[in-house]
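A short reminder: the numbers here are calculations on the coordinates, not readings from a lab. Nothing here was measured: the structure is a model prediction, and the numbers come from that model. Backbone-built Cβ (ideal geometry, glycine too); neighbour counts: all protein chains shown.
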Amino acid sequence: MSYTAAHDDHHGPEKGLLRWVKTTNHKDIGTLYLWFAFTMLLIGGAFAMGIRAELLQPGLQLMDPQFFNQLTTMHGLIMVFGAIMPAFVGLGNWLIPMMIGAPDMALPRMNNWSFWILPFAGGILLSTFFMDGGAPAFGWTFYAPLSTTFAPDSTDFFIFAIHLLGFSSIMGAINIIATVLNMRAPEMRMMDMPLFVWTWLITSFLLIGAMPVLAGAVTMMLTDRNFGTAFFDATGGGDPVMFQHIFWFFGHPEVYIMILPAFGVVSHIIPTFARKPLFGYSSMVYATASIAFLSYIVWAHHMFLTGMPVAGELYFMYATMLIAVPTGVKVFNWVATMWKGSLTFETPMLWAISFVFLFTIGGFSGLMLGIAPADIQYHDTYFVVAHFHYVLVTGALWGIIAATFYWLPKWCGKMYNEKLAKVHFWWAMISVNVLFFPQHFLGLAGMPRRIPDYSLQFADFNFISSIGGFSFGLSFVLLTYIVVDCIRNGKPADARPWYSAKGLEWTLSSPAPYHSFNTPPSRATILEESQHS
Amino acid sequence: MKRLLTLTSALVALASSKAAMAEYGLNMTQGITEVSKDIYDLHMMVFWVCVVIGIVVFGAMFYAIIAHRKSKGHKAAHFHESTTVEFIWTGIPILILIAMAIPASKTLIDIEVLDKADMTIKVTGHQWKWQYDYPEEGIGFISNLSQSSKDVMDDREKGSAAKREALDASGDTYLLSVDNHLVIPVDTTVRFLITSNDVIHSWWVPAFAVKQDANPGFINDAWARPTEIGTYRGQCAELCGKEHGFMPIVIDVVSKADYAVWVAEQQGAAAAAAVAATRQWSEDDLMAQGETLYNTNCAGCHMTDGTGGYGPAIKGSDIANDDAADHLNIVINGKNGMPSFKMLGDSDLAAVITYERRAFGNTGSVVQPSDVTSAR
Amino acid sequence: MSEQEYYIPHGTYWPIIGSIGVTTLFVGFANQMHGVEWGGSVMGLGMAIVVFMLFGWLGTVVNESVNGMYNKQVGKSFRWGMSWFIFSEVMFFAAFFGALFYARILSVPWLGGADNNMFSGATEALETSKYIWEGFQATWPLINTPGAIGQSGVEFSSGFALVDTWGLPALNTGLLLTSGVTLTYAHHALRKGHRNSLVFWMIATIILGVAFLGFQIAEYGHAYHEGLKLTSGIYGSTFYLLTGFHGFHVTIGVIMLTVILYRIQKGHFDSDNHFAFEGVAWYWHFVDVVWLGLFIFVYWL
Ligand code: HEA
Ligand code: HEA
Ligand code: CUA
Ligand SMILES: [Cu+2]
């Protein structure tokens, strides 16, 4: 059996810039996604620097409170929808076909559209800064009625941007499902699939279930704002809290959308550098599925203070606490994989270990937030901000960076500078903790989130946090240098640059050929490369 | 070199955080109600459980990192499954979670179920101030960020030295002080009925462990039984727009006797205001009172000199110079970004509207409290 | 092309055209809503680009399909794609059904003074209506909104007559269910290669769909006349958004069925290869099921 491109003479990429506009190749599209996400990370990060600069000292120094709120809002939105999600879709695009022995994605033309919607949506979103009344300033959670009756005109542009982003994500998810279910090498069974593929498959189901609900929520906002409906307005019999239910029905699965693929990445890296098969492959799969299932039934833990009935609060507290169990299984499995291994600490491994360490800390604070009575004191304080940056930055983003170092040799056929990469790791690792750890104390001491100015007792920790933030921000300059330097001047990399790395992607040359597998791998190869052999 | 830089910055951070620890609390307040203490205990319990689990998990991980490294010549084992082990580490967390859920449920039910309150206070959130009403006592007032904090904020153009001085002078109450404190008696169960007039706010007093969203059109409740006399501060805890960071809460918990005195005083003042609303005011009186009211309630959006900021300019505007009906209507009922001010008394409204119509070079008519009464 | 090969299309301009189209459409729409003069025309332009894109893109796919460039595996990818797309549509409707249930079961009773606390035996009930919406009675359908009870600034109209469940809605249920059956007959005919009967059942399905839309429009006119509007508060909001989005989906379905009929005439399908037909049929059944939900929860109960 063999696969062919549309025209047999076309095995390589087209020339010129138009290649990137027209491409249907999973690697090209993956690359586009990754660079787009990186750009957005820098933009969202620049907003975060603005936030930290204003919070460096008490008093209003740099900006008007309204602009501060715009920065916070756009920082959250850009990071979530522009940086983390597209980065994972990019990784999925690059890696999934290679990992399952396929030539490309199942629906390549749609794949192109999934990507090419993003720059337009991002453009619309960013353009709101230049509109009358400024960008949206109601937080990335855009609670009604602040986002309906009390929001500037630019909100309608924001709504359409969300529609587009949702459309892109749904198409991307459909594509991944179709690819995994239908394009797998004929000899590969589901339980032979590497964990990154599993986690992405499950993530796709989260996306398909959650994104349309978000689309529904913004549609109701749109009609409440412009066509006189009363979904979120008590005067007409609606309820602003209803918005929150709908939003978080999307929002909670959303946070797992941002972490499950990272779990997958780490499950590849740790076995490689422990020189030992992944511990508990099948329980990893089941744990991921349980997390995904649970994520649909815990949403109101973001709403403990909205005046829910006690019975509801109790239920959501219990369900939330339960998530610690499957997540714990994953953490324990990673540790057990390292246990009695033969460990080395190349850069990807450093990021993976620090992921396990710091994500778990974020998970612990999540568990604390899940205790409903205690959440009365935590809710909407910097304790929450600390929690979600531990899981998002040192979780999701760490997974992305780890994946970049791990697969970069496969992508561009060159090796990065290990020494610099290690310097960068320690720099980022230390400064990110200086940045976010003190925020726990701020929250507990009573500093609310989303405020541009604060009372004097919060001054010291904010100062430390901001310094850590600037240092962490600067570390991205080095990261950029390392990646660009690798692409331009790196030494050629082997097909399997990491000793004992398992996975079909390593059976391909480095850089990987334009069409991944022209002949699907045999059963023997698949078993040889599977994570539980 | 870079490593060195990071190291020093981390050290500096550590050192200054030591100082910070000495000076300020790192941890959640224990508060002054039974509920707040229960919550504190719960918080510490879960925290220590996490610490212990963390020590076990990270201990194992770092042990492997140190002992099982290739550079030490450790050879990789090949096990990759153990149903027993996996069973255990699924089961133990479940047990731990159940152990945590029991006290948590108890506390939660305590908080949500209130048998009998001794008194009720209605709390209404506005962009960006709180309104307090004592329905049984017939008292009500608005509580704004205090002028001293506003002055510090306004100093932002003056350069950092002056600002710093002003900041230090206002100390820990910067952004945490208001003009009218909420006053409640000690050892009394107070039920708060919380709602909002515009967007969602959240009424948070850490010392009471009360944080409850104020949803427009709905009432939420919360309660507290403070046990210690003193002044307690809190803030709005739900993003509610531009000045979300500037709508603090200050509560004086006073002895029951002091409370009775305070109530009598307030009731006297309210009665006087009601009388005042029925008489004709002189323009000077209206202007004098109007200026104060304007500066506390309106200047945030329309600016002290009436040139407009978040809200449109009042200076020279049609509405302030033409017939008073529209002017009354927009201030009483609000419109889009302009909040409704119907909670102000008739004389206050008359004063502030008159001020807008006669100050800044405007030449509109004088508005009397009786005009407001009929316009409502 | 043989069964063994997988078709990978290369370069395509349609997606970028599509992105430009939807962006133009949305920018136009937003400006139109804000009363900007050129909003409407830009919106129309965007719509035209999107339609152009759809024709071009799907046309290419049809061509490739007709020229036998696809195999079973591609067909299966399309099927997976279509089924999960429909699932995402289900979730979209779920958001609006969720809003309906939430309002009916929770928030409207709370507004009317119901206690939101299940453990409240001894508690003083939280009577929102006592403090804010004095005199408001929670009923469903919510004919008089809290704002219409005489509080300040009535924004939502009060008073409207309900649509009679057993009139047009019941008729429409019958039409749509029948159309599901006729479409299944068409499918059987296609599988057996009975062309004439296939065309007959397709036309029947389309007619039923169009009739449904006609009655739906008539019903809207009627409801509007009786005072039930988008601005009638939460009842009008859920009513029009649910039935409106459904009607929109029926419209799309009818258009797609018509295209399929055209392609049948052109002889694009045979008894084995007819993904497009199946995809549209699934979509139609999905629209059918949504209507059942609407009929039960919006019109009937
Ligand atoms: C990647 C994203 C991500 C992830 C993975 C998580 C994971 C979790 N989150 Fe988090 N969360 C966010 C992103 C994320 N969260 C964001 C963005 C917000 C704020 C949104 C906003 O308001 O803007 C938020 C807010 C948030 C809240 C609301 C707080 C508030 O506003 O008041 C709560 C409350 O329950 C919560 C809980 C949890 C829990 C219980 C987990 C669990 O999944 C964690 C499970 C993991 C562990 C517990 C550690 C490992 C386990 C073991 C080692 C086993 C043994 C452990 C025990 C038995 C304790 N999160
Ligand atoms: C999804 C991922 C994600 C990521 C990666 C980050 C990354 C960062 N975030 Fe956060 N953040 C959120 C998601 C994320 N965030 C969300 C969802 C919210 C809630 C929003 C809301 O309340 O609605 C939030 C809110 C939030 C707040 C609270 C704001 C408030 O409540 O008012 C703060 C404050 O410190 C903050 C800081 C930071 C910092 C310093 C980083 C850093 O890690 C960023 C580092 C990156 C860079 C700095 C860019 C790269 C470097 C350059 C461009 C060159 C160097 C430049 C300079 C040094 C100037 N974020
Ligand atoms: Cu009021 Cu925030
Ligand atoms: Cu959550």
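Using alpha carbons only, how many angstrom separate the centre of the stretch C:193-231 from the centre of the stretch A:54-123? Centre-to-centre distance over Cα atoms comes out at 41 Å.
Amide H to amide H, which residues 5 or more places from B:ASP221 or on other chains are under 5 Å from it, using H placed in the peptide plane? For B:ASP221, whose amide H was placed from the backbone, the distant partners under 5 Å are B:ILE194. In order along the stretch B:309-323, the phi-based Karplus estimate (6.51 cos²θ - 1.76 cosθ + 1.60, θ = phi - 60°) of 3J(HN,Hα) comes to x, 5, x, x, 5, 9, 4, x, 6, 4, 4, 8, 10, 8, 3 Hz; Gly and Pro are listed as x. Per-residue mean of foreign Cβ neighbours for A:85-92 is 0 (Cβ atoms of other chains, 10 Å radius).
Evaluated with a Cβ-only charge set (Lys, Arg +1; Asp, Glu -1), the protein assembly as shown carries a dipole of roughly 5220 debye about its Cα centre, given to the nearest 20.
Sorting A:36-43, A:459-466, C:229-236 by average packing, meaning the other beta carbons within 10 Å per residue, from highest down gives C:229-236, A:459-466, A:36-43. Only alpha carbons enter this Debye calculation for chain C, each as an equal point scatterer, and the log10 of I(q)/I(0) it gives at q = 0.10, 0.12, 0.15 Å⁻¹ is -0.74, -0.97, -1.26. Most tightly packed first, judged by the mean number of other beta-carbon atoms within 10 Å of their residues, the peptides A:120-132, A:260-272 read A:260-272, A:120-132. Put the Cα centre of the stretch B:254-297 next to the Cα centre of the stretch A:280-351 and the gap is 57 Å.
Compactness of the stretch B:277-375 was expressed as the Cα radius of gyration divided by 2.2 N^0.38 Å, which yields 0.94. Remark on the stretch C:1-70: Rg and Dmax equal 17.0, 57 Å (Cα only). Overall size of the protein assembly as shown from C-alpha positions, given as principal axis extents largest first: 98, 80, 58 Å.
Calculated mean residue ellipticity, 222 nm, chain A: -21500 deg cm²/dmol, from DSSP H runs (n ≥ 4) at -39500 (n - 2.57) each, averaged per residue and rounded to 500.
With helices as the sole contributors, chain C gives -22500 deg cm²/dmol at 222 nm; each DSSP H run of n ≥ 4 counts as -39500 (n - 2.57), and the sum is divided by every residue. Working note: 222 nm ellipticity from helices only, DSSP H runs with n ≥ 4, each -39,500 (n - 2.57), summed and divided by the residues of chain B, gives -15500 deg cm²/dmol to the nearest 500. The phi-based Karplus calculation (6.51 cos²θ - 1.76 cosθ + 1.60; θ = phi - 60°) puts the 3J(HN,Hα) values of the stretch B:217-225 at x, 10, 10, 10, 10, 7, 8, 8, 10 Hz, whole numbers, x for Gly and Pro. Peptide A:462-469 has a mean of 3 when you count, residue by residue, the C-beta atoms of other protein chains within 10 Å of its C-beta. Evaluated on the stretch C:181-301, the Kirkwood hydrodynamic radius is 15.6 Å, with distances taken between all distinct Cα atoms. Any idea what the relative contact order of the stretch B:277-375 is, in percent, if you count C-alpha pairs under 8 Å spaced at least 6 apart? Reported as a whole number, the value is 36 percent. Contact order for the stretch A:260-346, expressed relative to its length and based on alpha carbon pairs under 8 Å spaced 6+ residues apart, stands at 50 percent. Counting only Cα atoms, chain B measures 94, 59, 36 Å along its principal axes, largest extent leading. Less than 5 angstrom separates the built amide H of B:THR120 from those of B:GLU136, B:ARG191, all sequence-distant by 5 or more or on a different chain.
Across chain A, the relative contact order, built from alpha-carbon pairs under 8 Å that are at least six residues apart, equals 19 percent. Averaged over the residues of B:40-53, the number of partner chain Cβ atoms lying within 10 Å of the residue Cβ comes to 4. Cβ crowding within 10 Å, taken as a proxy for footprinting-reagent exposure, orders C:MET53, A:MET85 from fewest neighbours to most as C:MET53, A:MET85.
In sequence order, the stretch A:417-426 has phi-based couplings of 7, 4, 4, 4, 4, 5, 4, 4, 4, 5 Hz under the Karplus curve 6.51 cos²θ - 1.76 cosθ + 1.60, θ = phi - 60°, and Gly or Pro positions carry x.
Return the Rg/Rh ratio of chain A with Cα-based radii and a Kirkwood Rh.
When Rh is taken as the Kirkwood radius, the ratio is 0.96.
Each peptide among B:262-270, A:147-155 gets the average number of other Cβ atoms lying within 10 Å of its residues, and from highest to lowest they stand as A:147-155, B:262-270.
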